[in-house]
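Presented below is the structure to which this report refers.
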Amino acid sequence: MSVTVNGLDELKKLAGRDLGSSEWIKVTQERIDTFADATGDHQWIHVDPERAAGGPFGAPIAHGYLTLSLFIPLFTELLDVQGVTTKVNYGLNKVRFPAPVKAGSRIRLVARLAEVEDVPGGVQITVDGTIETDGGGKPAAVLQSLSRFYA
């Protein structure tokens, strides 16, 4: 379920609010292979299903940074900020990958808008996010993301 706000003043009112969870998306072997091609990281644990089946996780796993990169499309399901001219990713404060994402697994984002603070020309938001794996005990990623929105 998406929350839609119009402008920075409405966005500021959401500080401290849970944004809920995104829909589940499947992390396919094809997506993992495409990410490997884009980044040049072709480690066998990601791209060799036969070898990975005998590895520590029993299957190929997604790159941690692939899991992290999916934060943005998952997050855009949760918060739609309208009435601004520019939206930019400003960075990350914290990132951890407590559990791997096996090829074929489904993940989703659970997020909280932790903070909204003024910056010149706009606001910066801090989002506490957890990327969960369907049926997984530990999260695939725990992060704190910073984004800026300009009027």
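Nothing in this text is a laboratory measurement; each read-out follows from the coordinates by a stated rule. Bear in mind the structure is a predicted one, so any value in this text is a computation, not a measurement. Backbone-built Cβ (ideal geometry, glycine too); neighbour counts: all protein chains shown.
Quick notes
- Charge tally for residue 28 (other residues, Cβ to Cβ under 12 Å; Lys, Arg +1; Asp, Glu -1): +2.
- Under the Karplus curve 6.51 cos²θ - 1.76 cosθ + 1.60, θ = phi - 60°, whole-Hz ³J(HN,Hα) for segment 92-100, x wherever Gly or Pro sits: 9, 8, 9, 8, 9, 10, x, 9, x
- Axis angle, to the nearest 10 degrees, between helix 29-39 and the longest C-alpha principal axis of the chain: 70 degrees.
- Evaluated at q = 0.17, 0.18 Å⁻¹: base-10 log I(q)/I(0), Debye formula over Cα of segment 14-112: -0.84, -0.92
- Per-residue ellipticity at 222 nm computed for the chain from its helices equals -5500 deg cm²/dmol, with DSSP H segments shorter than 4 residues left out and the rest contributing -39,500 (n - 2.57).
- Pairs of Cα atoms farther than 22 Å apart, segment 1-70, %: 44
- In plain terms, the chain from residue 115 to residue 150 could stretch by 11.0 nm, reckoned as 0.36 nm per residue minus the Cα-Cα distance.
- Formal net charge of residues neighbouring residue 79 (Cβ-Cβ distance under 12 Å; K, R +1; D, E -1): -1
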